[in-house]
Amino acid sequence: MSSAARPVTILVAALGGEGGGVLTNWIVEAAGARGLPVQSTSIPGVAQRTGATTYYLEIWPEPWSALGGRRPVLSLVPGLGDIDVVASSELLEAARVIAGGFAAKDRTTVIASTHRIYAISERMSMGDGRADIGHLLKGIEEQARSHILFDMETAAQGANSVINAVMLGAIAGSGRLPIPVAAFEAAIRAEGKAVEANLRGFAAGLAALAQAGAAPHASHKRARPPRPSLAALERAAQETMPAAALDIIVEGLRRLAAYQDLRYARLYLDRLGAVRDADAAGGAGGKLLRETARHLAVRMSFEDVIRVAQAKTDPARLQRIRDELKLRPDEPLAVVDFFKPGIEELCSILPPRLARPLLAAAQRRGWLGTVYWGLEVKSDTVSGFLRLKLLASLRRWRPRSHRYAEEQRQIEAWLALVAAAAPLSTALALEIADCARLIKGYGDTHARGLANYRKIEECVIRPALAGRYAAPLAVDAVAAARTAALADPDGERLEKTLDEIEKRAGRAVAAA
Amino acid sequence: MERSFKKEIEALKLGDGEVFHGEGILAVTKALLQSGVSYVGGYQGAPVSHLLDVLVEAEDIIGDLGVHLETCTNEAAAAAMLGASINYPLRGAVTWKSIVGTNVASDALSNLASPGVQGGALIVVGEDYGEGASVIQERSHAFAMKSSIWLLDPRPDLPTIVRLVEKGFELSEASHAPVMMELRIRACHVSGEFVAKDNVRPAHSKLEPIAGPPRFDYGRLAHPPATFVQERLKVEERMPAAQAFIRAQRLNEVFAGEIGEIGIIVQGGLYNSVLRTLARLGLADPFGASRVPVYALNVVYPLVPEEVTAFAAGKRALLVVEEGFPDYIEQQINVILRRADINTRVLGKGCLPQVGEYNSEALLSGFAAFLRETRPAGIDVDAGAGAADRLLGARRAAAAALGELPARPPSFCTGCPERPVFSALKLMQREIGPTHISADIGCHAFGTLAPFSMGNSILGYGMSLASAAAVTPNLQRRAISVMGDGGFWHNGIVTGVASNLFNKGDGVLVVMQNGYTSATGLQFMPSSLASRSGTAPGMDIETTLRALGVKWLRKVRTYNVATMLKTLKEAMRAAESGLKVIIADGECQLARQRRVRAEEAQKLARGERVVRARYGVDDEICTGDHSCIRLSGCPSLTIKPNPDPLRTDPVASVVQSCVGCGLCGEVAHAAVLCPSFYRAETIRNPNRWDRALYRLRRRAIAWLGGAARAA
């Protein structure tokens, strides 16, 4: 007669199309082969089109032969706080199961991949809409009895296999199911599809258990290498700039030297002098300098057609593409680049005296934002590469261009705002510096960002500097307006937020 | 078809005493064959698609048995097939997704149920309710009640499901009424096993045809005055006959329990959930021995008053566990007990939620409320209800700890041909302003989700154009109706196109021609380029529209965003009134990939040249604004941490799964996005010319690049 009190319960969370059904079948097969009562269910429906979905399994830990003809009644729905193993192919989906209350602190083992597949709301954000990984990991770790967390996607790629096989390996190795490891391998063989690849993934999952742990994500940052011609300038930076901002400043120097020339890099360092002093005076500990230096380097390497051509003809670029495609050295690769320059792009490289009247005329005739030249350039062919190279060589001409003049003017104005704010509050200066984040991109994106920045400057920053709001209120207001500007491309949130700030300021004045 | 059923087909061949392993809905298919059906039909839709899909691939089995199979163009056609059972001793079964399919089928169902049947008629509906459902949340129960169709809701365990299919045919024949079986999503996909029987060759089929029609009998027609007689027959003869059969065959099950004061009446389909809830409160063991008596209704309509009163006798209170609204069963039980003058309290909705799936959370809180309300002797109510409270509390704490998480709705697949149409629509709206979008059922309904968030109404399958009939005349700008080719043939051709032309309507119709009913698992439909018999059905949407009299008609390849945008603007701005149809042409990428991958694998194996295209993003040039994602949403176009030490916002990135559909480049052009996109073409098994040309170019470019660097 039976001595077990409950089935072993497994809730698998996955994205539609990731093979969660196959994983489920492997477990059912392995349990069935051991003579254990087992049941699985799922709710595929439209979720199989890349949406979040779950699979649920129950296994009775004793074989049919020990049950004397009795049938356990297995549930089709997972129970609150009743799951022995939560297995997830992705971190957010593991968190979703936990948030659903299915895990129990005294029962559940969470086996999840730490890699992220970003949801559409995270991807389409105009800035950074990603969920906080640390928060997800903490929630998972706190709500479960034990956890096995590692990057299963990388493990699968390393084994030239698929993620569900790695998951199965981790589940088998966890020891939480009443099924020995060999039975899972037999199940993969019995299923009969891509057996070798699946067994490799399974082995990788088992092996990963040994070193599983929420290892911190490796840095993806790609710093620029030093250049001999920059040595003097970098030494100057080391001598004059605080350590807290140095790595950023050095990166900025290298970037701008490549973007333009040494003189331009020197201009960057010079511009930072005032910010360094303001930072020190306000006791910001280098934070204001660091953030401003970061934004300044990005702003000074503004995105014009010359820069695009520079990037597209960078010798390291083709190698990056080859690496991404995992090509062997002799395998041919063809690259087609998509450009669609308009009047503005053309004018940006003309001298201001020519560009201004041309832009004005284009505006009158409604050509701005409507007239473009669509180009598909085969950058791997000699003629295509030459065209891009020619454009890149306009670098020397850049300081005489209309766009350059415009950008320098705007940069100086922005730096002046940061400097003006610093004596009032370094926190406010930092928020203003951060508004540079809004100005990015090409064409429409650039125009929209610039317009938003100007609106914030006019409605929030300038009034704040004129003393219309108290410093703490101003800090909040700038931050709120910046966040709102990144909330939607139509500027609806920004309008609303600016209205609210206006009202709040009105109240503050009235109260005073 | 999206998947192959080779293994499952073998299971359909099992004979007496062999053990069937598989999912619930395929057990139903096997049970149909064991019941000697002469014909099977239906319209695909989750969760019952597999019932038909497997038969479509099992031509040899059904051929041997003589079973006639139809993959109908809609549920009304499927329901009308059951007309064969009105006059002949033919058993037949049809299937579809409910509630929507039953809505479409309801005209035929009423006209079937009124005259009644000679041969057993079974309707298997997938009750698409609760988590994972994709349709309006209503109950099929109402249809059973209004048309006097008996409704089965078997315990979700394969032997019970199979027995109820077999008994369902007998019930239908014994009472001359059609029988409907509702299976919830999880029951359709539940795995399990049962001991099979031999398949039964029907007495009459195409192998053994019936000699001729019966003598004319007006009484078999759903036509007055026969309908008045039929109405009486349904109530006075068929229902009592059904109730007698249900009792005699013990289709419903009583599980005795020692606590005599209370009892639970549950829809069969929810039995396992109820038992698990009782077990977690310490009131049942895992093998079904419950301390509280349970009456499981495998037949939820009609109820058997004698059984209900017998179960209620001597009990202080009953809990009715009935999912969905209205509470038809609870009301009927109240009436039955009232009429029998039994004063047992009936609790149900109130303890349990009024609406929504009865999942673990709903049942735990409902049972705790029931125990607290009734406080039966012999049960430690506080311990039981307290256990439920603790679990519910922990769930709230876990939800609070993790906070709001980004939702992950389904979306267009990677490389889907329908995505570019919505990119073009979004760009068009930017130029000419917002337009009313009349959405429809099908994959293209994903256009209502982020990042497109487009659509002002969804009125049913193939209904988008019809539902815009009164919109266009009342709005400044024309409404745009989006319809799939599946929806077009399902009924859009008549309710939408014909009606619009007949009324000299205006408006824009975009027909997504991807060649399959893709959302339901890639089934063939009238304009597919192939069919289950291999040859193309030969029906063409463009020809059909012209024949109907559509004058303004354009066919545009979907991936060509610029042309699509231009054509949409043209349709919106055209001075002349009248229906404007754009056929958005592009094969379903799931189907295409299945074919292309197999072909490529063969070519690679043979050492032949294969060119592959994939898109990529230069992260240095990408500005992290993600406009491209807001115009696409392709799963392979995602974000990654910014590798630039000076920037923090993530940059766009194209991952391995990219199928090179070309949308990224098209959108970058049509929307004038940043120039960070590139197309990378690789050549596997390159020929000598490829290699030589590549070496030459590489050397020249290295030389040019090197020279530039030195400068």
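At 7 Å along Cα-to-Cβ for each site, give me the label-to-label distance between A:Arg222 and A:Ala190 in nm. Inter-label distance under the simple model: 4.7 nm. A full extension of the chain between A:Leu394 and A:Ala4 corresponds to an added length of 132.6 nm, given 0.36 nm per residue minus the alpha carbon distance.
Taking 24 Å as the limit for the C-alpha separation, the pairs B:Lys426/B:Lys555; A:Lys378/B:Lys603; A:Lys326/B:Lys7; A:Lys440/B:Lys640; B:Lys146/B:Lys315; A:Lys193/B:Lys6 exceed it in the case of A:Lys378/B:Lys603; A:Lys326/B:Lys7; B:Lys146/B:Lys315.
Distance between the pseudo-spin-label points of A:Asp277 and A:Asp330 (7 Å out from Cα toward the beta carbon): 6.4 nm.
Proximity of backbone amide H atoms, modeled 1.01 Å from N, is registered between B:Tyr301 and B:Leu151 at under 5 Å, excluding neighbours fewer than 5 places apart on the same chain.
Report the semi-axes of the equivalent ellipsoid for segment B:419-591 in whole Å, largest first, where each axis is √(5λ) for an eigenvalue λ of the Cα gyration tensor.
Values: eigenvalues 111, 66, 44 Å².
Output for segment B:419-591: semi-axes of 24, 18, 15 Å.
For segment B:219-233, the Karplus equation 6.51 cos²θ - 1.76 cosθ + 1.60, evaluated at θ = phi - 60°, returns couplings of x, 8, 9, 7, 8, x, x, 4, 4, 5, 5, 4, 4, 5, 4 Hz by residue, with Gly and Pro reported as x.
Once fully extended, how much extra length lies between B:Glu237 and B:Glu404, figured as 0.36 nm per residue of separation less the alpha-carbon to alpha-carbon distance?
Numbers: separation 167, 0.36 × 167 = 60.12 nm, distance 5.65 nm.
Full extension from B:Glu237 to B:Glu404 adds 54.5 nm.
Taking the 0 to 90 degree range and rounding to the nearest ten, how far is the long axis of helix B:158-175 tilted relative to the main principal axis of chain B, both from C-alpha atoms? Rounded to the nearest ten degrees, it is 60.
Peptide A:49-58 shows a mean partner chain C-beta count of 5 within 10 Å per residue C-beta. Near the amide H of A:Ile439, within less than 5 Å, lie no amide hydrogens of residues on another chain or at least 5 residues away, with H placed in the peptide plane.
Counting pairs of alpha carbon atoms under 8 Å apart in space and at least six apart in sequence, what relative contact order in percent does chain A give?
Details: 758 pairs, mean separation 48.5, N = 512.
Reported as a whole number, the value is 9 percent.
Across chain B, the longest run free of exposed loop sites, meaning trypsin sites (Lys or Arg not before Pro) lying outside DSSP classes H, G, I, E and B with no more than 11 other Cβ atoms within 10 Å, spans B:251-503. Charge dipole (Cα centre; +1 on Lys/Arg Cβ, -1 on Asp/Glu Cβ; no other charges) of the protein assembly as shown amounts to roughly 4560 debye. Sites listed here are GluC sites (Glu not before Pro) in segment B:234-314 whose DSSP assignment is loop and whose Cβ has at most 16 other Cβ atoms within 10 Å: B:Glu258. Take each residue in A:364-376, count the other chain C-beta atoms within 10 Å of its C-beta, and the mean is 1.
What size of dipole, in debye to the nearest 20, comes out for segment B:253-399 about its Cα centre when the only charges are +1 on Lys and Arg C-beta atoms and -1 on Asp and Glu C-beta atoms? Write down the numbers at each step before the final one.
Numbers: 14 positive and 17 negative charges, 73 e Å.
That gives a dipole near 340 debye.
Note that segment A:363-378 has calculated 3J(HN,Hα) couplings of 5, 4, 8, x, 8, 5, x, 10, 9, 9, 10, x, 10, 10, 9, 7 Hz, one per residue in order, obtained from phi through the Karplus relation 6.51 cos²θ - 1.76 cosθ + 1.60 (θ = phi - 60°); glycine and proline are x. Converting phi to 3J(HN,Hα) with the Karplus coefficients 6.51, -1.76 and 1.60 and the offset θ = phi - 60°, segment B:383-400 yields 5, x, 5, x, 4, 4, 4, 4, 5, 5, x, 5, 5, 5, 5, 5, 4, 5 Hz in sequence order, with x at every glycine or proline. Convex hull volume per residue, computed on the Cα atoms of segment B:253-399, equals 100 Å³. Beta bridges from DSSP with both residues in segment B:419-532: antiparallel share about 10 percent, rounded to the nearest 5. Just so you know, the Cα atoms of the protein assembly as shown work out to an Rg and Dmax of 34.1, 109 Å. In the protein assembly as shown, helices alone account for a calculated mean residue ellipticity at 222 nm of -13500 deg cm²/dmol, with every DSSP H run of four or more residues adding -39,500 (n - 2.57).
Could you grab the relative contact order for segment B:419-591? Cα pairs under 8 Å, six or more apart, rounded to a whole percent. It would help to have the intermediate numbers written out before the result.
Values: 340 pairs, mean separation 40.7, N = 173.
Dividing the mean separation by the residue count of segment B:419-591 yields 24 percent.
Beta-bridge orientation, segment B:265-375: approximately 10 percent antiparallel, per DSSP, counting only bridges with both partners inside. Distance between the 7 Å Cα→Cβ label points at B:Ala470 and B:Arg699: 7.6 nm. Residues of segment B:245-277 with backbone nitrogen within less than 14 Å of a virtual label 7 Å along the Cα-to-Cβ line of B:Ala310, please, listed as ranges. The answer is B:245-256. Loop-resident GluC sites (Glu not before Pro) (DSSP state other than H, G, I, E or B) in segment B:536-643 with no more than 13 further Cβ atoms inside 10 Å of their Cβ: B:Glu576, B:Glu608. Backbone N atoms of segment B:148-170 closer than 20 Å to the 7 Å Cα→Cβ label point of B:Val229 belong to residues B:148. Considering only chain B, what is the antiparallel percent among its DSSP beta bridges, to the nearest 5? Around 30 percent of the beta bridges assigned by DSSP in chain B are antiparallel ones. The orientation-averaged projected area of the convex hull spanned by the Cα atoms of segment B:28-176 comes to 8.2 nm². Annotation: the residues B:Arg419, A:Arg454, sorted from fewest to most other C-beta atoms within 10 Å of their own C-beta, follow the order A:Arg454, B:Arg419.
On full extension of the chain, what length is gained from B:Asn343 through B:Glu600, given 0.36 nm per residue of separation minus the C-alpha to C-alpha distance?
Values: separation 257, 0.36 × 257 = 92.52 nm, distance 7.26 nm.
Roughly 85.3 nm would be gained on extension.
Shielding value for A:322-335 is 5, the average number of Cβ atoms from other chains within 10 Å of each residue's Cβ. Cα convex hull, segment A:305-397: 96 Å³ per residue, rounded to a whole number.
Mean separation of Cα pairs under 8 Å and 6 or more residues apart, divided by the residue count, gives segment B:525-566 a relative contact order of 22 percent. Just to be sure I understand the curve: with the Debye formula and one point per C-alpha of chain A, what is log10 I(q)/I(0) at q = 0.12, 0.13 Å⁻¹? Taken in order of the listed q values, log10 I(q)/I(0) reads -1.15, -1.22. Put simply, the Cα atoms of segment A:404-512 extend 44, 31, 17 Å along their principal axes, the longest span coming first.
Each value in this text was obtained by applying a stated rule to the coordinates, not by laboratory testing. Computed from a prediction, not measured in an experiment: that's the story for all the values here. Neighbour counts run over all protein chains shown; Cβ positions are idealised from the backbone, glycine included.
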